[in-house]
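The values are calculated or read from the model by the stated rules, or taken from the named source; none is laboratory data. In this text the structure is predicted, and so the values were computed from the model without any measurement. With ideal geometry, Cβ positions are generated from the backbone for all residues, glycine too; neighbour counts draw on all protein chains shown. Ligands, DNA and RNA are excluded from the accessible area calculation, which covers all protein heavy atoms including side chains. Shrake-Rupley method; radii C 1.70, N 1.55, O 1.52, S 1.80 Å.
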Amino acid sequence: MAEISLAIAGGEPQRFPHGISVEEALRVLVSNKERKRTLAVQLGEDLVDLSTPLIADAQLSPITTESEAGLRIMRHSAAHLMAQAVLEIFGPEVKVAIGPAVEDGFYYDFDRAEPFTPDDFARIEARVAEIVAAAAPFTRRTVTVAEAKEFFAGQGQKYKVELLAEMAVPTVTLYEQGGFVDLCRGPHVPNAGFVRAFKLVKLAGAYWRGDEKNVMLQRLYGTAFFDPKDLKTYLFHLEEAKKRDHRKLGRELELFTIQDQVGPGLILWQPKGALMRRLIEDYWKEEHYRKGYELLYTPHIARRDLWQTSGHLDFYGENMFSAMDIDEVSYQLKPMNCPFHINIYKTRMRSYREFPIRWAELGTVYRYERTGVLHGLMRVRGFTQDDAHIFCRPEQLEEEIFNILDLNLHILKTFGFADYDIYLSTRPEKFVGSDEHWLQATEALKLALEKKGLTYRLDPGEGVFYGPKIDIKIKDVLGRSWQCSTIQVDFNLPERFEMRYIGEDGKEHQPIMIHRALMGSLERFFGVLIEHYAGAFPVWLAPVQAIILNITDSQLDYAEKVYEALRGAGVRVAKDTRNEKLNYKIREAQLQKIPFMLILGDQEVEAGQVTVRLRDGKNLPPMPVPEFAGMISNECVASRGW
RNA sequence: GCCCACGUAGCUCAGUCGGCAGAGCACUUCCUUGGUAAGGAAGAGGUCACCGGUUCGAUUCCGGUCGUGGGCUCCA
């Protein structure tokens with residue numbers, strides 16, 4: 001028998017008999033300790049089981065319990081264990097669909113007449129614990145698609161049969177543990193004992209293959225770890241994340257509210273939230289002015305004809321609120337601002353000399369969202385976009401995109417966001433515009449991204465039908481990612497509205513149009529902001545920057561003087577002069593996450609100073625009032641840049 | 001829209017195996033004037049989401065509606 005040469009990546013190759021298993025090879029190639037925590041290896045591009053026979057020279061990279069990849073493999077195995085437990089408890093009439101590892105764990109979809117209840121969780125967990133204790137080995141075998149079909153058909157597992165029917169390969173692999181056989185690519189842990197900590201976390205409905213035309217399956221979400229301590233940490237982090245939930249903080253800090261009587265997905269901004277919004281808007285307007293934008297205001301409704309012309313009724317109609325008749329003319333609430341901006345463009349003939357035209361508006365739009373998707377500030381039915389439209393010549397496209405990215409990142413950074421995922425979406429199957437335009441525009445987006453030195457992911461075919469786009473997504477503390485910024489090229493509306501300009505050649509041309517929103521929606525952005533800072537906003541944004549806490553009534557006059565002075569100096573100051581103990585007042589101010597507490601006792605009155613307590617519990621040395629006011633204004637300038 | 005769970009005072013939550021509803025915090029009043037995360041007492045506050053049904057009687061059981069949460073789908 002021939003020999004093959006194997007090595008740990010970066011290590012010395014050694015000779016082994018042809019067909020030796022990965023596990024046998026590891027016994028020679030790595031230490032015992034290392035081998036015991038290895039659950040699979042990477043072979044080239046592929047991850048394979050330890051039992052895999054090796055038939056060619058190769059470099060092996062062990063996947064251990066210490067790695068992300070190892071965790072994923074184990075979680076995928078945990079999904080199999082859960083499916084085994086479910087079938088054992090609820091009988092073989094339960095149909096299994098798919099069960100992959102996901103970000104924080106795994107899930108498995110089941111088709112069962114009776115709904116699972118949270119009470120079932122304990123039973124399933126107990127059964128999984130037994131399976132884990134038995135450390136049943138995972139075994140793999142390769143069969144033909146026909147054999148696999150016959151096997152699963154025999155078990156009545158119709159979803160597996162359906163999956164097999166679409167596979168364009170001759171053979172598939174089956175994994176078995178404890179008598180449960182699943183169609184699966186693998187790899188898996190060597191035995192169930194690797195699943196040291198297992199927990200079911202939630203129950204949800206999910207359509208078969210994600211298509212709402214299909215039957216709804218029951219999805220059980222779980223998570224698993226190699227070490228029970230990690231599970232505990234994970235659950236602790238979930239609790240911590242809940243504390244930053246913008247819905248909870250929004251109520252506690254009195255930033256915004258959503259009332260049944262008003263309607264779902266409709267936001268009421270309370271005074272403190274409204275104040276913050278004003279600060280955000282002021283900042284936004286100033287930055288835009290500096291970058292050569294002009295501001296517009298447009299109405300909330302328009303004649304239905306406008307939406308006909310724009311095409312929104314055709315491609316966006318199901319997201320629009322229904323029409324209302326006014327003097328026998330039909331009107332509709334706006335889901336977007338663009339048609340208004342185009343109408344302003346069209347008030348007269350435009351020249352290439354005016355380009356680029358950059359028009360921005362904080363435009364409030366209304367979109368019908370299905371009830372199930374509404375979520376605090378993140379997903380609402382009425383929201384204000386920080387919208388803008390840029391009209392330019394094709395050759396200006398790249399530079400304009402670059403400018404937008406520049407402004408975009410600058411603004412995000414001011415709000416403390418430096419981590420985000422960038423996506424470039426290219427042409428979908430259904431599209432308007434010429435091949436040449438698409439190619440040019442997509443190239444321009446790419447070049448701008450590269451020139452800005454940004455790494456991005458390509459999302460092929462995920463562009464809007466009217467043009468390619470760049471999306472920037474910010475992650476919240478619960479790990480959900482929210483799209484805020486979007487930059488889209490549009491070949492459609494200029495055509496539909498017959499937009500024109502006179503070029504250098506004296507002839508009519510069609511302008512290029514860019515839609516863009518940086519914060520996306522003020523509501524969503526505010527939600528992300530609340531979670532990002534856990535409600536402890538930077539000084540320039542804090543609705544209350546400082547609160548005066550007097551110790552006894554004998555400082556009331558001085559408190560009033562300090563209050564007036566700080567107000568006069570432009571500090572957002574509040575005072576708590578209630579007849580309460582200092583401890584009590586500090587606790588409240590702390591819970592309100594006010595950056596500075598100004599403690600006033602007899603000492604401060606005498607010295608004409610304030611003692612500053614920070615929200616992290618530290619104290620600054622006593623200082624005169626003007627010095628404190630100066631400190632605040634300096635900090636704001638430093639954060640905001642002006 | 002679909003699946004599962006939930007909806008009791010402003011907030012967090014008890015409770016009623018069907019018999020006119022409870023705590024803590026917040027709020028009001030009084031006492032207390034106290035230096036870095038809750039001083040004490042009293043008071044007020046709820047058609048138990050809404051609409052129907054079963055019942056002598058429903059906040060409790062059943063059905064529907066609305067809303068919320070977590071998912072699916074969709075998106076700023």
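Counting only protein heavy atoms, what percent of the accessible surface of the stretch A:546-640 is carbon or sulfur at a 1.4 Å probe?
Ligands and nucleic acids excluded, carbon and sulfur give 51 percent.
Label-point separation (nm) for A:Met167 and A:Tyr207, each offset 7 Å from Cα along Cα-to-Cβ?
2.6 nm
At a 1.4 Å probe, what is the % contribution of carbon and sulfur to the accessible area of the stretch A:3-64?
So the carbon and sulfur contribution to the accessible surface is 48 percent.
Quick one: work out the % antiparallel among DSSP beta bridges in chain A, nearest 5.
Of those bridges, close to 85 percent are antiparallel.
Treating only the Cβ atoms of Lys and Arg (+1) and Asp and Glu (-1) as charged, compute the dipole magnitude of chain A about its Cα centre; round to the nearest 20 debye.
That gives chain A a dipole magnitude of about 920 debye.
To the nearest 0.05, what FRET efficiency results for A:Arg290 and A:Ala534 with a Förster distance of 30 Å applied to their C-beta separation?
In this case the efficiency is close to 0.45.
Per residue, how many Å² of accessible area does chain A show with a 1.4 Å probe?
Dividing the accessible area of chain A by its residue count gives 48 Å².
To the nearest 20 debye, what charge dipole does the stretch A:69-233 have about its Cα centre, counting +1 at the Cβ of each Lys and Arg and -1 at the Cβ of each Asp and Glu?
340 debye
With an 8 Å cut-off on Cα pairs and a minimum separation of 6 or more residues, tell me the relative contact order of chain A in percent.
9 percent
Please tell me the relative contact order of the stretch A:572-622 in percent, rounded to the nearest whole number, where contacts are Cα pairs under 8 Å and at least six residues apart.
25 percent
Just to be sure I understand: of the beta bridges DSSP finds with both ends in the stretch A:546-640, what percent are antiparallel, rounded to 5?
45 percent
Students often check this: by mean Cβ neighbours within 10 Å, which of A:364-372, A:56-64 ranks highest, and how do the rest follow?
Ranked from most to least packed, the peptides come out as A:56-64, A:364-372.
Between A:Leu439 and A:Tyr316, what FRET efficiency comes out of the Förster formula 1/(1 + (r/R0)^6) with R0 = 22 Å and r the beta carbon distance, rounded to 0.05?
After rounding, the FRET efficiency stands at 0.25.
Calculated FRET efficiency, A:Arg37 and A:Leu556, Cβ-Cβ r, R0 56 Å, to nearest 0.05?
The pair A:Arg37/A:Leu556 has a calculated efficiency of 0.25.
Return the subset of A:Lys272/A:Lys334; A:Lys95/A:Lys149; A:Lys291/A:Lys413; A:Lys285/A:Lys413 for which the Cα-Cα distance in this structure is over 21 Å, preserving the input order.
From A:Lys272/A:Lys334; A:Lys95/A:Lys149; A:Lys291/A:Lys413; A:Lys285/A:Lys413, over 21 Å: A:Lys272/A:Lys334.
Relative contact order (percent) for the stretch A:69-233, with alpha-carbon contacts under 8 angstrom and 6 or more residues of separation?
29 percent.
Using only DSSP helix segments of four residues or longer, with each worth -39500 (n - 2.57), what per-residue ellipticity at 222 nm results for chain A after dividing by its residue count and rounding to 500?
After summing the helix terms and dividing by the residues of chain A, the value is -11000 deg cm²/dmol.
Taking the Cα centre of the stretch A:390-453 as origin and charging only Cβ (+1 Lys, Arg; -1 Asp, Glu), how large is the dipole, in debye to the nearest 20?
That gives the stretch A:390-453 a dipole magnitude of about 160 debye.
Compare the peptides A:267-280, A:250-263 by average per-residue count of other Cβ atoms within 10 angstrom and give them in order, highest first.
A:267-280, A:250-263
For the ranges A:569-576, A:199-206, what's the packing order if you count other beta-carbon atoms within 10 Å of each residue, average per peptide, and put the highest first?
Peptide ranking by packing, descending: A:569-576, A:199-206.
With unit charges on the beta carbons (Lys and Arg positive, Asp and Glu negative) and the dipole taken about the Cα centre of the stretch A:462-583, which residue among A:Trp540, A:Cys484, A:Ile512 sits farthest to the positive side?
Value computed over the given set: A:Trp540.
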